[in-house]
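The structure appears below as structure tokens.
The values are calculated or read from the model by the stated rules, or taken from the named source; none is laboratory data. Just so it is clear, the model here is predicted, and its values are computed rather than measured. Neighbour counts run over all protein chains shown; Cβ positions are idealised from the backbone, glycine included. Heavy atoms of the whole protein, side chains included, go into the accessibility calculation; ligands, DNA and RNA do not. Shrake-Rupley method; radii C 1.70, N 1.55, O 1.52, S 1.80 Å.
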Amino acid sequence: MKDLTPLLQQRRAEHRYRQRRRLDGPQQPEQLIDGRPVLAFCSNDYLGLANHPAVIAAFKAGADRYGVGAGAAHLVNGHTRAHDQLEEELAAFTGRDRALLFSTGYMANLGVAQALLCRGDRLLQDRLNHASLIDAARISEARLQRYRHADAHDLARLLAHDPERETLVSTDGVFSMDGDIAPLPALADLCAQAGAWFMVDDAHGLGVLGATGAGTLEHQGLDQARVPILMGTLGKGLGTAGAFVAGSEDLIETLIQAARTYIFTTAMPPAVAEAARTALHLVHAEPERREHLRRLVQRFRAGAAELGLALMDSDTPIQPLLVGDAATAVALSEGLLARGLLVPAIRPPTVPSGTSRLRVTLSAAHTPAHVDLLLETLKRLQPPA
Ligand SMILES: *Cc1c(COP(=O)(O)O)cnc(C)c1O
């Protein structure tokens, strides 16, 4: 049994010690963190639905109707009408044959890889993919190879090698630390030519991108034929919790039969499914949320450019400011916090060394005045361009 104390101390010495802050009250821009009021620019609640009255009401009504716990896995007797309806609505929303709920996006990613691949198969992934996709490779026992970020040529090179091997290519739709969008049409073409599965994890695109909010695939005009596997999460743009995989009838049936992270876990609380149904309705019915968010992104980018700040190539609500070294990024984040603004510093090993950054995320719940306050405060702190 190893001694944990020195390992923790070493982590601390390496400035890699992670700590939680305590939030009192709901997820919203003006919040109470560790007992003090802050204006937060770090939530994934992109449309401001986590604390929306209609979503809360649906959650309460769901609890009245179904109780709290699902009480069992989907394949036992935990699969309620609420889950079923949400799956049908997600399939319709994303233009796919069927959708299947998972308790989290992390588990959905693990489940897809494990159900479709086995030892000897391969998984090709963008270098900047989310940690859950990387872990999916491990659980599937397939061989993981990573291609250069957003680089279709590099993927083509990997695909050309060993073309007979069963292959799953997976990518984030919107990259969580950079905010840029994957070149999905080019990747989809390569996968079709190679006969490889293609999967998009649209955790940060769903609800946010596309004319109806259906995400990165809608934004880039891609249907189920070109992207057979879509994973979307409900805890970000939809403000609730959980995730789904959408695709063909056979894909969904295969996941039900074989995905261990689907089979061996309790179904999400049905009230959460009811809340997500209402959130989905709002995504559809209130396009002005997306429009407002787009205008905030433009306002932030224009203001940051004027200040000479190092914006990254992103049109999404994820707007990192490149700082460079970790110590400066941390100092800036602390300076902002001292002035009541919560913007996390992202450093290695989460991002490559020399690319430490402030990760600003915007939400439709922010006002233009919130964005202006952030810009004014950044100006006063004078971060290096
Ligand atoms: C957040 C996230 C996940 C995990 O989703 P959860 O529902 O929070 O487990 C998966 N992929 C990406 C790209 C994410 O950003």
*Where PHE244 falls short, out of the listed (1) within 16 Å of the ligand (Cβ to nearest atom); (2) surrounded by 21 or more Cβ atoms within 10 Å (Cβ to Cβ); (3) outside any strand (DSSP E or B); (4) of a type in the set (A, V, I, L, M, F, W, C)*: (3)
*Tell me which residues, restricted to the stretch 196-228, are on the phi > 0 side of the Ramachandran plot and either in contact with a Cys (Cβ under 9 Å, 6 or more places away or on another chain) or touching a residue at least 12 places away in the same chain (Cβ under 8 Å) (or both).*
GLY207, GLY213, GLY215, GLY221
*asked:* Going residue by residue through the stretch 251-259, is there one that turns out to be under 17 Å from THR104 (Cβ atoms), assigned to a loop (DSSP other than H, G, I, E, B) and within 21 Å of the chain's Cα centre (by Cα)?
replied: yes
*Qualifying residue in the stretch 221-232 (condition: within 16 Å of the ligand (Cβ to nearest atom), modelled with pLDDT of 95 or more and open to solvent by 10 Å² or more (accessible area, probe 1.4 Å))*: no
*Does any residue in the stretch 101-122 that is within 13 Å of the ligand (Cβ to nearest atom) come within less than 6 Å, Cβ to Cβ, of a residue that is among the polar types (S, T, N, Q) six or more places away or on a different chain, and which pairs are these?*
SER103/THR265; GLY105/THR233; TYR106/SER132; MET107/THR261; ASN109/SER132; LEU110/THR261; GLY111/THR261; ALA113/SER140
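Within the stretch 257-270, identify whether any single residue is more than 24 Å from ALA70 (Cα to Cα), open to solvent by 50 Å² or more (accessible area, probe 1.4 Å) and away from the ligand (no atom under 16 Å from the Cβ), and answer yes or no.
Restricting attention to the stretch 257-270, the residues satisfying the condition of being more than 24 Å from ALA70 (Cα to Cα) are none.
No, the conditions are met nowhere in the stretch 257-270.
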_Whether any residue in the stretch 197-209 is open to solvent by 10 Å² or more (accessible area, probe 1.4 Å), within 16 Å of the ligand (Cβ to nearest atom) and more than 12 Å from the chain's Cα centre (by Cα) is what I want to check._
yes
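Condition (residue is within 16 Å of the ligand (Cβ to nearest atom) and crowded, with 17+ Cβ neighbours inside 10 Å) applied to the stretch 48-66: is it met by at least one residue? Spell out the reasoning first.
Taking the stretch 48-66 and keeping what is within 16 Å of the ligand (Cβ to nearest atom), we get 49-50.
Of the ones still in play, those that are also crowded, with 17+ Cβ neighbours inside 10 Å are 49-50.
Within the stretch 48-66 (the criterion being within 16 Å of the ligand (Cβ to nearest atom) and crowded, with 17+ Cβ neighbours inside 10 Å), the answer is yes, since at least one residue qualifies.
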*asked:* Please go through the stretch 141-178 and give me each residue that is of a type outside the set (Val, Ile, Thr), closer than 22 Å to ARG260 by Cα, surrounded by 20 or more Cβ atoms within 10 Å (Cβ to Cβ) and away from the ligand (no atom under 16 Å from the Cβ), ordered by number.
replied: ALA142
*asked:* Cβ-Cβ distance below 6 Å, separation of 6 or more or different chains: which pairs start in the stretch 324-351 with a residue that is within 22 Å of PRO37 (Cβ to Cβ) and assigned by TED's automatic domain parsing to the domain that holds PHE175 and end on one that is surrounded by fewer than 17 Cβ atoms within 10 Å (Cβ to Cβ) and aliphatic (A, V, I, L, M)?
replied: none
*asked:* Based on this model, can you work out whether LEU117 counts as within 18 Å of SER170 (Cα to Cα) and either touching a strand residue (DSSP E or B) at 6+ places or on another chain (Cβ under 9 Å) or open to solvent by 20 Å² or more (accessible area, probe 1.4 Å) (or both)?
replied: yes
